[in-house]
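Q: Please find one structure pasted underneath; my questions will follow.
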Amino acid sequence: MIRAMPEYLSESGVIVLWGAGGVPDNPEVINAAYESGFEYVFPLNWGKRTQARHQYRGYGPSSERVLILARKREDLFDNNPELPRGQDISKLGDAFIDQMAEGKIKSVTMGFAAEIRKGEAEPGDRSIYEKPLEICAGFVDKLTKPGGLVWDCCGCTGVMVEACLELQRNWIYSETNETNYALGYERTRRLIEKNPELVG
């Protein structure tokens, strides 16, 4: 899929790849990126501060690995030059930089588990892979321009769509898991119904 993307990306378009933080980057992915003209493969880490499963607890809290693929280095930073640069996801967005540095932006599944215990939610109301809105909005704000197009090809529950609507980006939402798609569709429907001015 990475090899096919240059045909569809805008001139300054980039790819954001998410993966498990506790494993090395897949060399096939890295090779495909370089062979496809992505000269800059920029690694980031999101420390979610969720507790790993028992057998992994000795290795600390869980995290996620993020790779930004860009054809030119300026594609990484030209959309919001006032934001600082760095090797940490927290350096990408003014709105959540301090929260990320202090570990305040955590996996949404942590609060979800508590909601289930309190009877405020049911299993299946949220995906375990769902990303916080603050992080999605940070990437959209940093790596795209107003009116630009964002394709979330693994859209999960539609959080990236919400970020795009709030930041005035066009979007394409794809998700193969029927349960997650239903959640994403409903999230987007409610958001547009409540705030029709977001769609113009």
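Q: Going through the cross-link list Lys72/Lys194; Lys48/Lys142; Lys118/Lys194, which pairs have a Cα-Cα distance over 31 Å in this structure?
A: Exceeds cut-off: Lys72/Lys194.
Q: Just want the ordering: Lys118, Lys48, Lys106, Lys72, from fewest to most Cβ atoms lying within 10 Å of their own Cβ.
A: Ranked by crowding around the Cβ, least crowded first: Lys118, Lys72, Lys106, Lys48.
Q: Using each residue's phi in segment 7-21, evaluate 6.51 cos²θ - 1.76 cosθ + 1.60 at θ = phi - 60° and report the 3J(HN,Hα) Karplus result to the nearest Hz, with x for Gly and Pro.
A: Calculated HN-Hα couplings, in order: 5, 10, 6, 5, 4, 10, x, 10, 10, 10, 10, 9, x, 5, x Hz.
Q: Let me ask another. I need Ser36, Ser174 ordered by Cβ neighbour count within 10 Å, fewest first.
A: Ser174, Ser36
Q: If we count every other residue with Cβ under 12 angstrom of Cys156's Cβ, Lys/Arg +1 and Asp/Glu -1, where does the sum land?
A: Net charge in that neighbourhood comes out at -1.
Values quoted throughout were computed directly from the atomic coordinates according to the rules given, and no laboratory measurement underlies them. In this text, all values refer to a predicted model and were calculated from it rather than measured experimentally. Note that we place each Cβ from the backbone using ideal geometry, even for glycine, and neighbour counts take in every protein chain shown.
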